[in-house]
Every structure is written in C-alpha cells, then in structure tokens.
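Asks: To start, I am sharing the structure in question, which I have written as structure tokens.
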Amino acid sequence: MAYCLAVRPASGERTWTVVDASYATVGPVEEWLEAHRYLWSPNTVRGYATSLAQWWSFLEQRDETGQWTEAGVPAVAGFLSWLRNGRTVEHSLALPDDVPSAETLHARLAALISFYQWQASVHDVPVAGRLLRGQPSRAPSRGLLAHLDARRGPAPSSLVKVRRRRRDRPPLLLPQEIQAIIDGCASWDTTAGDWKGNLRDRLIFAILAETGMRLGEVLGMTIGDFVMGLGGTAYIEVVPRAGNANGARVKMMRPRRVHVGADLERLFAGYLTHLACRAAMREGTVRDKVTALKNKGIGPAGWTPHWFRHSHASALLLAGTPEWVVSRRLGHAHVQTTIDLYGWVREDEALQAAANWKSYASGWKVSGER
C-alpha cells in the first residue's frame, strides 16, 4: 500500500510526498508535486498527494505499478469503483457503509487527470490522451464580460466521470446563522465585563464573514496585516508568504487589500488584549471548531468556513456592488469567475426589469414608415 507522508526537508517547511509499499518515494508523483509546490498551498499538496497515494495503492493491488504509463479508461474507472468499495475490491454487490462522497471521488479523479496531463506535457506520457476527449465542437455560451476573461478556452473533458448532484448556486449562510456561529465561539458577558468563550475563534469567523477571505488567507495573517484605521478605514493586507508555521498560504500568491468596518476593528483590538504567546492556528483546529459548533446545533447542516465567502459575495452583489469590485475584493484572478459563481444573484432582478419592456418601447422614436 502507498502512503501520503508528511516530510520536513532541509528548507524546514513541512510538505507531503508519496511512498510505496517498500517505503520508497514514488518518483513520478514526487516529480509532479515538486514542480507545483511553490504554486500550491501545503494543504493542496497534501490533498493531491493523498489522491495519488490511493492511485498508486490501486496499481500495487493490481501489480501494475510498472505499467503506470499505460493506464487507460478501464483502469481509471476501476480505480473509482475500488474507492467506492472501501479500497478493497473493484467489484462488489454491496457497498460499504462509509462510501466516499461524489465530491471526494471527483477530487481524486481531478488530481489523477492533472498528474497525467503534466506527465504528457513534460515526458510525453500518453495516458491523458486516452482519458480525455477532444474539445467540444460548439463552445458553451459565455457571459457578457467574457471578452475580459483571460482564461483559456474550453478544455477537453474526461471520458471517466463522477455523477454529482447538480448545484447551480454556492451554499450560503443567512445573517442569523452567521451571527449564531460567531456568538457560539464567544460572547460578551455584561456581568463580568469580559468575553466568555474563545475570542480568537470569534475573530476568525468574523473576518471570514466580513471580508470574504479564504480560510488559508485568514490563517496566514500576522498581527501587522491588520492595519487599524486611526480615524480612517481599517483594512487587512492579504500578504503572500511561503513558510507559514501552520502551512497556510495565499492562493496563487496574489496580494490584495480588503477594507473592513469599525466593529471588526474593535473586535481585533479586543483580541490583542487577550493575546499572549499563542501558536499559529492550523486549518485542522478550525475544522474541529466547526464540528464542535455543529454538534451544538449551531449553523445549517453541512456548513463549512468557505460558506462565509459565498455569503459575503452574494450580500455585496445584492447591495448593488459592481462585479469587478467584488472580484477584486475576493481575489479572483478574472471577473468572469465572479460572474460564473454569483451571476444568479442579480438574475431575477434583471428578468423582472425586462417585464417593463412596454415602458421602454414607448420611448422609442421611429422616423419614416418603419
């Protein structure tokens, strides 16, 4: 069986690699991971390493690790079945109780395709060509601002797919649900004149709610990144750093500035008075806190820290904030990404406006016989 192994090289920053059943590093996988370590956050590296470790375990069970460059659609389809059956057998009449979600299977498949696409580009390994069909003959429709999108055109699609429940809109948290989560971390005790609970946790979820920042961006902050207003508007500098003690990193290492309100500024000032030699907070700590809040019945079913980001973006758009402003605040590389994710927010408003077409047409001035 292959394993995803945490290692700390001479550089001192923890990362992940994949070792096989003999505890030797899996060369092709390590080469692929090493080529992307600077671009990906350590948590992303860990996720991809986990996916490729499972793929290598599947090949070991088949005794086909020597033929990893010869895999095709049947092997990848068998890999997904193997995952569904608890990583024991490819075919089973009854599924185990703990079946991976469709999202998990999709992530494993995406990592595998990314690995083989890189191998095809660098070493001419032909597997990706067997797994992907050519570009669609007709390009999908795109938004009004598609000409501003610098992304590449439609990419080839996978011949092996995972059926997922269609979700047109990102999940959101209602204002009262956001407040319940924040209060579930810490609340002000008027009798004692102090905060009751974990003020650090309250600050983290409050920042997620008010800024729309990614969890990794929040966990990678230092005290100096929160700039107090001092009569003006406070803001947070999202600063890319490689080598955070908790492994957090800004996505694609793109800096930006996010302005915040007075309430969050006061909460941060209150947190500073409680701060005393605390270790850097890891993503797993936040996940544990989310689980603890869920166990208390706080928040909707299945919520994650990323829902704060979706809720923040949707609230801004509902308030009439231009898409390009929301895109910059969220740190999206392209405004089309913002439109693709949150275009539905203004869709009903635009359709309702079209119902007044008669009033618009009445203002037309037509000359001649037409």
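Asks: Taking the residues in the stretch 193-220 that are part of a loop (DSSP other than H, G, I, E, B) and over 18 Å from the mean Cα position of the chain (by Cα) as candidates, determine which candidate is surrounded by the most Cβ atoms within 10 Å (Cβ to Cβ).
Replies: Let us first name the residues in the stretch 193-220 that are part of a loop (DSSP other than H, G, I, E, B), namely 193, 198, 212-214, 220.
In the following step, the residues that additionally are over 18 Å from the mean Cα position of the chain (by Cα) were identified as 193, 198.
Details: GLY193: 7, ASN198: 14.
Among those that are part of a loop (DSSP other than H, G, I, E, B) and over 18 Å from the mean Cα position of the chain (by Cα), it is ASN198.
Asks: Take the residues of the stretch 1-10 that are in contact (Cβ under 8 Å) with a residue 12 or more places away in the chain and part of a loop (DSSP other than H, G, I, E, B): which is surrounded by the fewest Cβ atoms within 10 Å (Cβ to Cβ)?
Replies: MET1
Asks: Quick one: count up the residues across the stretch 14-32 that are assigned to a loop (DSSP other than H, G, I, E, B) and free of Cβ contacts under 8 Å to residues at least 60 places away in the same chain. Spell out the reasoning first.
Replies: The initial filter retains those residues of the stretch 14-32 that are assigned to a loop (DSSP other than H, G, I, E, B), namely 14, 20-24, 26.
Adding the requirement that they be free of Cβ contacts under 8 Å to residues at least 60 places away in the same chain leaves 20-24, 26.
Matching residues across the stretch 14-32 total 6.
Asks: Name the residues in the stretch 52-79 that are open to solvent by less than 20 Å² (accessible area, probe 1.4 Å), of a type outside the set (Phe, Trp, Tyr) and under 22 Å from SER157 (Cβ atoms), would you?
Replies: LEU52, ALA71, GLY72, ALA75, VAL76, GLY78
Asks: Hey, can you tell me all the residues within the stretch 11-29 that are more than 17 Å from ALA111 (Cβ to Cβ), open to solvent by less than 50 Å² (accessible area, probe 1.4 Å) and touching a helix residue (DSSP H, G or I) at 6+ places or on another chain (Cβ under 7 Å)?
Replies: Answer for the stretch 11-29, where residues must be more than 17 Å from ALA111 (Cβ to Cβ), open to solvent by less than 50 Å² (accessible area, probe 1.4 Å) and touching a helix residue (DSSP H, G or I) at 6+ places or on another chain (Cβ under 7 Å): just ASP20.
Asks: Something else now. For the stretch 325-341, which positions are open to solvent by 40 Å² or more (accessible area, probe 1.4 Å), at pLDDT 90 or above and either in a loop (DSSP other than H, G, I, E, B) or of a type in the set (D, E, K, R) (or both)?
Replies: Scanning the stretch 325-341 gives ARG328, ARG329.
Asks: Can you give me the number of residues within the stretch 313-327 that are touching a Leu at 6+ places or on another chain (Cβ under 7 Å) and within 14 Å of LEU173 (Cβ to Cβ)?
Replies: Selection size over the stretch 313-327: 2.
Asks: Quick check on LEU80: is it touching a residue at least 40 places away in the same chain (Cβ under 8 Å) and closer than 19 Å to ARG108 by Cβ? First the steps, then the outcome.
Replies: Working: touching a residue at least 40 places away in the same chain (Cβ under 8 Å): yes; closer than 19 Å to ARG108 by Cβ: yes.
When the stated conditions are applied, LEU80 passes them.
Asks: Shifting gears a bit: Here's a check for you: in the stretch 300-324, which residue that is in contact with a Phe, Trp or Tyr (Cβ under 9 Å, 6 or more places away or on another chain) and assigned to a loop (DSSP other than H, G, I, E, B) is nearest to ALA209 (Cα to Cα)?
Replies: Per the criteria, the residue is PRO305.
Asks: For GLY47, work out the one condition from (1) open to solvent by 50 Å² or more (accessible area, probe 1.4 Å); (2) touching a helix residue (DSSP H, G or I) at 6+ places or on another chain (Cβ under 8 Å) it doesn't fulfil.
Replies: Condition (1) is where GLY47 drops out.
Asks: Additional query: Hey, can you tell me all the residues within the stretch 80-92 that are open to solvent by 60 Å² or more (accessible area, probe 1.4 Å) and in a helix (DSSP H, G or I)?
Replies: Hit for the stretch 80-92 is ARG84, nothing else.
Asks: Shifting gears a bit: Just name the residue that is nearest to THR211 (Cα to Cα) out of those in the stretch 237-274 that are small (Gly, Ala, Ser) and surrounded by fewer than 18 Cβ atoms within 10 Å (Cβ to Cβ).
Replies: Our first condition is that a residue be small (Gly, Ala, Ser); within the stretch 237-274, this holds for 242-243, 245, 247-248, 261-262, 269-270.
Next, only the ones that are surrounded by fewer than 18 Cβ atoms within 10 Å (Cβ to Cβ) stay: 242-243, 245, 261-262, 269-270.
Working: ALA242: 22, GLY243: 24, ALA245: 23, GLY261: 10, ALA262: 13, ALA269: 17, GLY270: 18 Å.
Here the residue is GLY261.
Asks: Follow-up question, since we're still on this one. Taking the condition part of a loop (DSSP other than H, G, I, E, B), surrounded by fewer than 18 Cβ atoms within 10 Å (Cβ to Cβ), in contact with a Gly (Cβ under 7 Å, 6 or more places away or on another chain) and at pLDDT below 95, does ARG278 pass?
Replies: Numbers: part of a loop (DSSP other than H, G, I, E, B): yes; surrounded by fewer than 18 Cβ atoms within 10 Å (Cβ to Cβ): yes; in contact with a Gly (Cβ under 7 Å, 6 or more places away or on another chain): no; at pLDDT below 95: yes.
For ARG278, the condition - part of a loop (DSSP other than H, G, I, E, B), surrounded by fewer than 18 Cβ atoms within 10 Å (Cβ to Cβ), in contact with a Gly (Cβ under 7 Å, 6 or more places away or on another chain) and at pLDDT below 95 - is not met.
Asks: Next question, about the same structure. From LEU95, LEU39, LEU59, grab the single residue that is in contact with a helix residue (DSSP H, G or I) (Cβ under 9 Å, 6 or more places away or on another chain) and assigned to a helix (DSSP H, G or I). If you could, list the steps in order and put the result at the bottom.
Replies: Working: LEU95 fails: assigned to a helix (DSSP H, G or I); LEU39 fails: assigned to a helix (DSSP H, G or I).
Answer to the check: LEU59.
Asks: Return the residues of the stretch 163-192 that are over 30 Å from GLY247 (Cβ atoms) and either acidic (Asp, Glu) or open to solvent by less than 40 Å² (accessible area, probe 1.4 Å) (or both); say none if nothing qualifies.
Replies: Listed by number, the residues that qualify are ASP168, ASP189.
The values are calculated or read from the model by the stated rules, or taken from the named source; none is laboratory data. This structure is a prediction, so every number in the text was calculated from the model and none was measured. All Cβ positions, even for glycine, are placed from backbone atoms using ideal geometry, and neighbour counts span all protein chains on display. Heads up: the accessible areas ignore ligands, DNA and RNA and are worked out on the full protein's heavy atoms, side chains in. Shrake-Rupley method; radii C 1.70, N 1.55, O 1.52, S 1.80 Å.
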